[in-house]
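A short worksheet on the structure shown next.
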Amino acid sequence: MKTDERHRAIADLLRARAEVSVEELTVACNASGATIRRDLEVLAANGVLRRVHGGARSLLGPGDNPGYGQRELEDQDAKRRIAAAVAGLLRDREHVWLDSGSTATEVARALAGRDLTLMPMSLQALNAAAGEDAGAGVRPGLLLPGGNVVPGELCFRGPLAEANIRSLRFDTAIITPCAVSTRDGLLAHDLEDSAVKRAGLESGTRVILAAAAAKWHSNARVLVAGLERVDVMVTDKVFSAEERAQLDEYSVEVVNV
C-alpha cells in the first residue's frame, strides 16, 4: 500500500474498533512494524488517533463525529473531483464565500491559481488557497472573517465572523454541509457552525452545494437551510429516480462527478 492508502485503512479500522495493535495493522496493510509505527505517529499528530503502547486507540466515543484529521483521509478522490467541478463553475474576478471542512479545503486548493476574491472559513482552506508550496503567480485575494478559531477544526466561528460575513455580498457561496438530505436539506453538527453556514448562504447571490456521497443522509441535527436555497449541487452521489424527482421540485442543477 502507498502511504495515503495505509493512513485511510488505519482510520477506517479505528472507526469500527476502539483499539488496534501494530501487529494487526502490519497484516491489514501488508507493511513492516516500523512503517506502521511511523504512520501512527503521523496520524496521532494530525488528530486522527491516540498512540498507545503496542498500537493505537480511536478518539471517537459513541455518537461522536470524526475530527478534521480523520475526515481529511476519507473520500479523497471524490473530494478532488468535486473541487475541480466547483472551480469550473466560477468565473474570474468573482467574490466567493467558502465554507469550512475537508471538502472546502480541496476547493480552496483548486482555486489557488485563480483571479478571485475569496473568504475561506478555515485556516486549512486559507493556506490551501494561498498556494502553500506554490511559487509566484496569480493568487486569490483573501478576506479573513475574524471570530473565534475552533481547536482541531481550525475554522472561524462566533458573532464576529457572522457579522463580517453578513456585511458583504458574494457572487457565489460554496457550502459544504455536515449532512444533506432531500427531505431536510442542509444540516450542521452544532448551532455555531449552522449560524456561520447560514450567514454565508444568505450573503451569496448564487449557492453551490459541494458534498461527497457519504454526506447524504448522514447524521447531523441542526438545520441550516432547505434545498430550495441551493442553485447548483456538485456531488459524486448516484441518485435514484425518486431522489431525482425530488430534486427536480427544487429546480436544483445537479453536477455529478
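Derivation of every value follows stated rules applied to the coordinates shown; laboratory data play no part. Every value quoted in this text rests on a predicted model; they were computed, and no experiment measured them. Reconstructed Cβ throughout: ideal geometry from the backbone, glycine too, with neighbour counts over all protein chains shown.
With a cut-off of 14 Å between beta carbons, the residues surrounding H53 carry a summed charge of +1, where Lys and Arg count +1 and Asp and Glu -1.
Between L142 and N219, residue separation times 0.36 nm minus the direct Cα-Cα distance comes to 24.5 nm. The distance separating the Cα centre of segment 221-257 from that of segment 95-112 comes to 20 Å. Across the chain, Cα pairs under 8 Å and at least six residues apart give a relative contact order of 14 percent. The lysines within cross-link reach of K215, meaning a Cα-to-Cα straight distance under 19 Å and a gap of 8 or more places when in the same chain, are K79, K197, K237. Placing dummy labels 7 Å off each Cα toward the beta-carbon, the span from R15 to V42 is 1.9 nm.
Taking Lys and Arg as +1 and Asp and Glu as -1, the other residues whose beta-carbon sits under 13 Å from that of E249 total -2. In units of the compact-protein estimate 2.2 N^0.38 Å, the chain shows a Cα radius of gyration of 1.04. Under a plain spin-label model, where a point goes 7 Å from the Cα along Cα-to-Cβ, how far apart in nm are S251 and H53? Modelled inter-label distance: 6.6 nm.
Placing dummy labels 7 Å off each Cα toward the beta-carbon, the span from V27 to D77 is 2.7 nm.
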